[in-house]
């Protein structure tokens, strides 16, 4: 056999092996979790990063009210808006039917409450807690059976 032909075959085999190793490395270190088809999130720990899986908390007494976007009161900065996703902690699982039935009223009350707040009020942790309490009290005045025990912001964006 010709030495040039052997050399070309050896180079081709090395290139294929290198590509296979690179592909395996890229797949194993990618942000995509092939087991659950959800994205992995990186959490900063100390000097480096540690991969953590996305955890969905599913409780029978938590109700997803939905996403909300509202313009903020323009006393201190005009053109600002807040976007939140709200989940409600219910005192009783039987409230789900009523919450679905009164969804429009509940959503209107949340948007109205968010529109009353200024940027400076909701940009602090204390202001967010106050907004949660105001929303909880307002929604409890609308629902008849049971109580909304807590309001959770699963997303909170101010722009």
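The values are calculated or read from the model by the stated rules, or taken from the named source; none is laboratory data. Here the structure is a predicted model, which means the values were calculated and not measured. Here Cβ is always computed from backbone atoms with ideal geometry, including for glycine, and neighbour counts include all displayed protein chains.
Some values worked out for this structure:
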read-out: Residue 78 being in the same structural domain as residue 154 (by TED's automatic domain parsing) and modelled with pLDDT of 65 or more; value: no
read-out: Selection from segment 91-122 of residues that are outside any helix (DSSP H, G or I), out of contact with any strand residue (DSSP E or B) (no Cβ under 6 Å at 6 or more places or on another chain) and at pLDDT below 90; value: 92, 93, 94, 116, 117, 118
read-out: Positions within segment 130-159 being touching a helix residue (DSSP H, G or I) at 6+ places or on another chain (Cβ under 6 Å), more than 12 Å from residue 106 (Cα to Cα) and assigned to a helix (DSSP H, G or I), in sequence order; value: 131, 134
read-out: Qualifying residue in segment 51-63 (condition: at pLDDT 85 or above and surrounded by 13 or more Cβ atoms within 10 Å (Cβ to Cβ)); value: yes
read-out: The lone exception for residue 67 - which of (1) modelled with pLDDT under 80; (2) surrounded by 11 or more Cβ atoms within 10 Å (Cβ to Cβ); (3) in the same structural domain as residue 150 (by TED's automatic domain parsing) it fails; value: (1)
